[in-house]
Amino acid sequence: MLKPFEISERLQSRLESVEEQVTDAYESGTARSEDRVSGYLSGILSAELDDTFTSGSDEIRIDVDAFEGTNEPESGVDIGLRYQLVSEEFRLSTGMLIQSKRFGKSDPLLRHQCYKMLSRTQESYIFTYSPGEIGVVPALPVYCDGGTGGKYTRYYSNGFVEFLCKFLEGYHGDIRISDALDQPADAFPVPERVNYLIDMRVQVN
C-alpha cells in the first residue's frame, strides 16, 4: 500500500532524518545509554512520520505514537514496534520486539535477552547505535551463535531506513504478539514488558 514512489520516497527521507538526529544525539552524548537513545528514537519517530499522503484515489494517514512502558527488572525488550493497518476491507496488527545495544560494546547478557525475545516471536531484532548509523540485526543468529555483541559485523544486518520502510510496507511483523506487546504474554514461556511501545498506524480511506 505504501509502495507508490512518492510515499516511499517521502518516508525514506524522513527516516533518514530520524536516523541522523538519533546518531547525532548519540555522538554528542545527549543520548548515550541504550535506554536514553531508545526513548529519543521513539519521540523522533512520532514527530517525523505523522502525515497524510495520497495514492490515486486513496488517502493514506500515518500516525505514530510512542509510550513509555513499565520498566521492570525482568523485562527483556527495549522497544516494541506495532504496525496497524486499517482500511474499509479489514484491520490488521503485527508487531516485533527490539533489544537496543551500543555498537562496539559487548554484553554478556545479550544471548539470554535474545532467548527471551525469541521465546515470544522470531520477529526479534537488535538495534545497534553508533555515531554513524543504526544497524538492525536479527536476534536469532546472535542467539544461535552465542554472541555477546560488540561489532556485530559477522551477522547479516539491515540498514535502519530500509528496515523501517519495509516494516511500514508490511514485510515484517508477527500477528500473534501485536495486541500484547506492552503486557505480560501468558501464552509464551517468558512474560515480559517493553520499555517503549511505538505504535505505527496506517489508515487507508
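The values are calculated or read from the model by the stated rules, or taken from the named source; none is laboratory data. Computed from a predicted model, the values in this text were never measured in an experiment. With ideal geometry, Cβ positions are generated from the backbone for all residues, glycine too; neighbour counts draw on all protein chains shown. Each accessible area value is taken on the protein alone, full model and side chains, heavy atoms only, with ligands, DNA and RNA left out. Shrake-Rupley method; radii C 1.70, N 1.55, O 1.52, S 1.80 Å.
Worth a mention:
- In the stretch 115-133, the condition of being of a type outside the set (A, V, I, L, M), in a strand (DSSP E or B) and surrounded by fewer than 19 Cβ atoms within 10 Å (Cβ to Cβ) is met by no residue.
- Within the stretch 77-114, tally of residues that are more than 30 Å from Arg61 (Cα to Cα) and assigned to a strand (DSSP E or B): 4
- Subset of the stretch 147-170 [at pLDDT below 90 and open to solvent by 70 Å² or more (accessible area, probe 1.4 Å)]: Lys151, Thr153, Arg154, Tyr156
- Beta carbons closer than 6 Å, at least 6 apart along the sequence or on distinct chains, pair a first residue in the stretch 162-177 that is within 15 Å of Gly135 (Cβ to Cβ) and among the hydrophobic types (A, V, I, L, M, F, W, C) with a second that is in a helix (DSSP H, G or I) and open to solvent by less than 30 Å² (accessible area, probe 1.4 Å) for Leu164/Leu15.
- The combined condition, being modelled with pLDDT of 95 or more and crowded, with 17+ Cβ neighbours inside 10 Å, is fulfilled by Val136.
- Of all the numbered requirements in (1) under 13 Å from the mean Cα position of the chain (by Cα); (2) modelled with pLDDT of 90 or more; (3) closer than 30 Å to Val204 by Cα, Val37 misses one, and that requirement is (3).
- Number of positions in the stretch 93-114 that are open to solvent by 10 Å² or more (accessible area, probe 1.4 Å) and touching a residue at least 60 places away in the same chain (Cβ under 8 Å): 3
- Hits in the stretch 8-59 - residues which are of a type outside the set (Phe, Trp, Tyr), outside any helix (DSSP H, G or I) and either open to solvent by less than 30 Å² (accessible area, probe 1.4 Å) or touching a helix residue (DSSP H, G or I) at 6+ places or on another chain (Cβ under 9 Å) (or both): Thr30, Ala31, Arg32, Asp51, Thr54, Ser55
- Qualifying position, being farther than 29 Å from Ser28 by Cα and of a type in the set (Gly, Ala, Ser), among Gly150, Gly135, Gly146: Gly146
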